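The values are calculated or read from the model by the stated rules, or taken from the named source; none is laboratory data. These figures come from a predicted structure and were not determined experimentally. FYI the Cβ positions are ideal-geometry reconstructions off the backbone, even for glycines, and counts take in every protein chain you see.
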Amino acid sequence: MPADIPISKSVINSGSIFNNSFLTGFFIILQIINPNNLKFSTMKTKTIYSILFLIILLPASSIIAQKANFSGEWKINKEKSVLTDNQLFLSKITIQLKNDSLLTTRVYENGNGDEYPFDEKLSLDGMASKIVIFEMPRTSKATLSDTDGSIMIASTTTFNGGNGQEDMTANEKWKVENEGQNLSFFFTNKMSGNEITGTYYYDKAK
């Protein structure tokens, strides 16, 4: 990798619905509707069924969100993405998502086509992970959303700037769309008092 390229200024539960809470709620419902325990009206029956529906729906929704298929090789769609001249961009990313483990290979690229890859392994429980990329310390945390199944990553990369050590903070949100064929990558980068926001779009290569 050319030493004079200012890379630092540019890159910079699972579960089941049949868990304890579900079974507890289910058996409570069974006890309520047991004719030997209670004579209930039509209105009470509807209420009971509504409660039972919510008990089933809420855990199931969480499971659906966790099953978003991020794993695979993703390549940037330059027609949809807004790229800035003379700055590195994430041209492709390989994702392996297994249980609560997230393994990525990121490949950043400059305008000349030079590539700068690095690997990162994160857990989805918000625990900090520390690596060094191109002699720059990087600390990252990843979480999985229970609502829409997106992955959120917050990172801080420390580099030597013109006034000494500086930090670039990045907040990313990854979301799979179109039945697992597209990946949206929303980001906000802050460095030296400046903020850059944008969205990259990726197509699944394989």
Residue selected from the stretch 108-124 under the condition part of a loop (DSSP other than H, G, I, E, B) and among the polar types (S, T, N, Q), by the criterion nearest to Asp85 (Cα to Cα): Asn110
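Could you check, for the stretch 74-92, whether at least one of its residues is part of a strand (DSSP E or B), loosely packed, with under 14 Cβ neighbours inside 10 Å, modelled with pLDDT of 90 or more and assigned by TED's automatic domain parsing to the domain that holds Ser123?
So in the stretch 74-92, the residues part of a strand (DSSP E or B) come out as 74-76, 89-92.
Still in the running and loosely packed, with under 14 Cβ neighbours inside 10 Å: none.
No, every residue in the stretch 74-92 fails to be part of a strand (DSSP E or B), loosely packed, with under 14 Cβ neighbours inside 10 Å, modelled with pLDDT of 90 or more and assigned by TED's automatic domain parsing to the domain that holds Ser123.
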Total residues in the stretch 109-165, condition over 15 Å from Phe70 (Cα atoms) and of a type in the set (Ser, Thr, Tyr): 9
Number of the exception - Leu54 against (1) modelled with pLDDT under 95; (2) under 19 Å from the mean Cα position of the chain (by Cα); (3) surrounded by fewer than 16 Cβ atoms within 10 Å (Cβ to Cβ): (2)
Check on Met127, in a loop (DSSP other than H, G, I, E, B) and either within 25 Å of Asp85 (Cβ to Cβ) or modelled with pLDDT of 95 or more (or both): yes
Hits in the stretch 145-156 - residues which are buried (at least 18 other Cβ atoms within 10 Å of the Cβ) and at pLDDT 95 or above: Ser150, Ile151, Ile153, Ser155
Failed condition for Phe118, given (1) within 16 Å of the chain's Cα centre (by Cα); (2) surrounded by 14 or more Cβ atoms within 10 Å (Cβ to Cβ); (3) hydrophobic (A, V, I, L, M, F, W, C): (1)
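Does Glu109 count as within 27 Å of Asn77 (Cβ to Cβ), assigned by TED's automatic domain parsing to the domain that holds Glu79 and either more than 19 Å from the chain's Cα centre (by Cα) or surrounded by fewer than 16 Cβ atoms within 10 Å (Cβ to Cβ) (or both)?
Values: within 27 Å of Asn77 (Cβ to Cβ): yes; assigned by TED's automatic domain parsing to the domain that holds Glu79: yes; either more than 19 Å from the chain's Cα centre (by Cα) or surrounded by fewer than 16 Cβ atoms within 10 Å (Cβ to Cβ) (or both): yes.
Yes; evaluated as a whole, the condition is true for this residue.
Which of the residues spanning the stretch 144-175 are of a type in the set (Phe, Trp, Tyr) and closer than 20 Å to Leu122 by Cα? Give the derivation first.
Going residue by residue through the stretch 144-175, those that are of a type in the set (Phe, Trp, Tyr) are 159, 174.
Matches in the stretch 144-175: Trp174 only.
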Matching residues in the stretch 130-141 - criterion: being part of a strand (DSSP E or B) and not small (Gly, Ala, Ser): Lys130, Ile131, Val132, Ile133, Met136, Pro137, Arg138, Thr139, Lys141
